[in-house]
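Q: Have a look at this one.
The values are calculated or read from the model by the stated rules, or taken from the named source; none is laboratory data. If you're wondering where the values come from, they're calculated on a predicted model, not measured in any experiment. Note that each Cβ is placed from the backbone with ideal geometry, even for glycine, and that neighbours are counted across all protein chains shown. When the accessible area is computed, the model is the full protein with side chains, heavy atoms only, and any ligands, DNA or RNA have been set aside. Shrake-Rupley method; radii C 1.70, N 1.55, O 1.52, S 1.80 Å.
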Amino acid sequence: MDSDCMSVLPGVCKVLAASESCLPDDTSLEKLLDWFTALTAAGVSLLKDCPCLLEFVSTVFYNAAADPSILSFALKLTGLMAATDASFTVLQERSMLDLVFAPRHWQEAGLWEDPCIRVGWIQGLRTMLQHAKALRFFVQADFIDPLLQLQTDTSLFVTAAAGQMLAHILLFSQSVPSVRRNGADKKDQDDGVPRALIADLEQSTVTMETIQDSATVAMVITEYLKKFLVPKETSQYHQSQQILKLLALVLSQARPPLKEKLLLMVADSLEELVTKNCSQLTLPLMDVILAAHRSCSSGARVPDQGADRLLSLMLNTGKPSDLIRAAAALLRSGHNESVQRVQSARVLLLPLHIITGLALLDTNLAAGEHRSSMVEQLKSKTSCISIICVSVTSTPRIILLGPDCLPCPPVLIVNAVLSILRICVGDFSKTGCFDAFRNVTNSGKVQKCALDALSALSSGPEGEVVLLDVLTLLIQYLDHPDSDPTVLQKSYQAFLKWISVCTDLLSVAAQLRQELMQVVRKRVCDMRWEVRDSTVEFLGHLAGVRASHMSADEACDTSEILLGGCCFTTPLLKEALQDPESYVRASSISALAKTLAHSWHQGAALTHEQTEIVNRLLEILTQDTEGFARRAVVLYFITWFSSYSSSSSCSLLMPSVRSVLSQGSADLDWEVKVHTLDLAELLMDQAFADHPGYTKGLESHPVQPHPYAVMDKQSYTLHTHVQDTEPGLVSASRSLVEQGVVSALLCGLVDCDRPVGLKACRLLIRLRDTICPLLSRVREETGTLDSDPRVSCELPPSGWAQEIINILGMKESKVADVFDSQDCDEAAETGAGTGSHAVRVSVLEVLRSLALDERLDILTQSSDHIHNSPLSLLQDILTASVTHAHSNSQPDQEVIVDCY
């Protein structure tokens, strides 16, 4: 342990043990416990190395006025200290464990009613229960009864902790006999049992008392599960639900002997619960049955018939709504028994068969025992919407079952989803359940579920058969006056999904172009900004979808085929640039980039309209008050620069790029600045494309992690093997200066936002490792400064440039060491060294003098390496306690805690 932490910890313990102690930051104690847990895992003995902790625990538990959160922390800490055999013995000899974990002590003190005390008691015991002595203590103290009572506690946190503790005990109990068998079943010992626990048990003496203790607690728990699994009255449903969660947890982790015992003990109760038709317990009951079925299928010695029978009962009894949820749960689980999967598919298709009138199921099955009850359920609006949503959402999984498991062709299932969507907007079919129509009509929930399902069904078989019907219906939805924004957004998404799999887009366009153009014109002017945003996003995405039937030479975007291309979409998107909502402006910029990218790829000449767009985008970058639109502008130029293939666009692109780099690097939004550096990277890649020493691609569009997370330092190697390409290298370097790339990188290096500084530093290192070796060699060979190619850049007199000057340690006496020789006299005359005027500096010398590698070491570390440390946490607790005590005399003063 760090010596500084050791010196501060006693003071922290004293503060926490004080009667008036109450930390404003309620997460400090959890962080402190996390640190102690990490120390214990590293082999540190808290009792031996931190004796102040034992004194803290003793003081707190004899202090009736201690804050409950401190007491709960002390309970958890005691359990952590007692988790090893040796420390447990010390605490037991001092009678600490009897005091700390006796529920009667907390009840007499009037503290047991506080949930955090009960949670601390449970979690402390669970942490301690890692060795045979702890198990013996647990059994002798008869803690199993109060733990079982907490299974039905009024606090959800307490019941969750109690369930996890009971599962831990059951899994612990199965490990003791395994270790007793002298290493038998080594493979199984890692299943559901912590390896540290197995190692501890192997090192300890497993006596007959230990085996008896483990058998005792396991028997008590299983008897409890059997007794209270089936609720006798409605008030006991919560208890049954908790037991089912516990059973599912244990069955998913336990080894065969324990699984067999549990299943044999509760099989009858589970069957009774299935036939009891408790809707509230359907899903947790299904979890248990599926876990039981998996355990039987994975080599357990219990016959499969019992689990199969339970699963069959779940899919044949109960209310239709329960059947539907059970069947959906089975398909979600990935259950691989074909019989049950077929049965589940038929259950899920039954409500769609009834309401749509389509022959999804054979006549005999549809007329079976479930039909009448299902019809009755569909007459109730609440249950009808719930059932239809579950059925429709499950259709993509049903189609994946394969033709052998399907009761009807896949295209019929797609038609059923289309029928549901038609019913939702009042287009009733001549057949079907008319009583259910009114329940589904105008239901936004059903519409959203059906549209999501329709999108997923686009990748299914026989999609071309219903393609035109699907697209026609989606256009009707887009044009429907009552469609809410989310329904419209999902309609656009489904349209794109189905268009992307179309193989005859020209035929589709001939039939749908006018309707689609009309609805897009309508929605792009909608009163709701969400609808306008979805519409311009759709236009951009549509331009990015390639027509699959076209050859490479004829390739054009789908937008051109369906909407006439830029002639239709560009004016709409230009108008959207003026939208009062920033989200819409940003979406329109992104859509314009995708729409125009095709012409950039082909090298088409610039138009007056494109020039107007660029001018407007530059205005947005300098004037828009929202970061969304400004980010989109920089990304627009990145797309343009990455796409253009001829010099015709350079006349507008390169001057615009200079403006973007200048404005973007000075933006207040860190994401705008990072995107600006992405553009600078593209320019570097182009400038040094033919230079053999340039390392391209290390920063090319990396996946953005959390902006302030710790990042690995990328390795950069200095390229000592260079070729005589000085003229080209100098020219490329000068072009980067003229374009504003070097200034943008230097500005980013000193930026206050770490992601910006990190990226700029990495790019500067790449630039340094590219140009410095060759240019330095030229100077060394000539022995003079006159042959220096004088690649220099201008630093403005204030702002980021002044910070660069400060980093370089530039003073008036050192100005000549970094400035170009030809500028030194002028700099001295004008006072450039004092920062009153812009000065020119040698790029080569600046890159050498900035200590970029050392700076990268700092930037690759997050601020956590200073602030998120145990010492910082301990100091924060001390500071918070002093501030809190001081604020008691000044009630109006706010206590602010900066705890990591």
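Q: Heavy atoms only, probe 1.4 Å: what % of the accessible area of region 428-536 goes to carbon and sulfur, would you let me know?
A: With neighbouring chains kept in place, the figure for region 428-536 is 52 percent.
Q: Between ASP526 and ASP404, what FRET efficiency follows from the Cβ-Cβ distance if R0 is 60 Å, with the result rounded to 0.05?
A: That pair, ASP526 with ASP404, gives E of 0.80.
Q: Let me ask another. May I ask you to give the percent of accessible area on region 336-425 that is carbon plus sulfur, with a probe radius of 1.4 Å?
A: Carbon and sulfur: 51 percent of the exposed surface of region 336-425.
Q: Using a basic spin-label model with each label point 7 Å from the Cα along Cα→Cβ, how many nm lie between MET517 and VAL339?
A: About 6.0 nm separates the two model spin labels.
Q: Around SER792, which amide H atoms from residues at least 5 apart in sequence, or from another chain, sit under 5 Å from its own amide H, with H modelled in the peptide plane?
A: VAL843
Q: Between ALA141 and SER45, how high is the FRET efficiency from 1/(1 + (r/R0)^6) when r is the Cβ-Cβ distance and R₀ = 35 Å? Nearest 0.05.
A: 0.90
Q: Please list the non-local residues whose amide H lies under 5 Å from the amide H of ARG840, H modeled 1.01 Å from N, same-chain partners needing a gap of 5 or more.
A: Residues meeting the amide H criterion: LEU795.
Q: Pulled fully out, how much extra length does the chain show between GLN280 and CYS752, if you take 0.36 nm times their separation in residues and subtract their Cα-Cα distance?
A: Full-extension gain reported as 164.6 nm.
Q: Taking only protein heavy atoms into account and a 1.4 Å probe, give the accessible area per residue of region 475-536 in Å².
A: Here the per-residue accessible area is 46 Å².
Q: Net charge around ASP435, counting only other residues with Cβ within less than 11 Å of its Cβ (Lys, Arg = +1; Asp, Glu = -1)?
A: +2
Q: Something else now. Put a dot 7 Å past each Cα toward the Cβ at LEU468 and THR503; how far apart are the dots in nm?
A: 1.7 nm
Q: Taking 0.36 nm per residue of sequence separation and subtracting the Cα-Cα distance, how much length would be gained by fully extending the chain between LYS232 and THR625, in nm to one decimal?
A: 135.2 nm is the gain from fully extending LYS232 to THR625.
Q: Still on this model: Can you give me the distance in nm between label points at LYS14 and ASP853, each placed 7 Å from the Cα along the Cα-to-Cβ direction?
A: With each label placed 7 Å out from Cα toward Cβ, I get 4.7 nm.
Q: Residue separation times 0.36 nm, minus the C-alpha to C-alpha distance between CYS52 and ALA38: what's the value?
A: 3.2 nm
Q: Now for a separate question. Of LYS227/LYS259; LYS245/LYS445; LYS133/LYS232; LYS76/LYS226; LYS133/LYS245; LYS381/LYS490, which pairs sit farther than 27 Å apart, going by alpha carbon to alpha carbon?
A: LYS245/LYS445; LYS133/LYS232; LYS76/LYS226; LYS133/LYS245
Q: Roughly how many Å² is the accessible area per residue of region 99-162, as a whole number, for a 1.4 Å probe?
A: Per-residue accessible area for region 99-162 comes out at 42 Å².
Q: May I ask you to derive the FRET efficiency for PHE434 and PHE157 from their Cβ-Cβ distance with R0 = 45 Å, giving the value to the nearest 0.05?
A: For R0 = 45 Å, the calculated efficiency reads 0.40.
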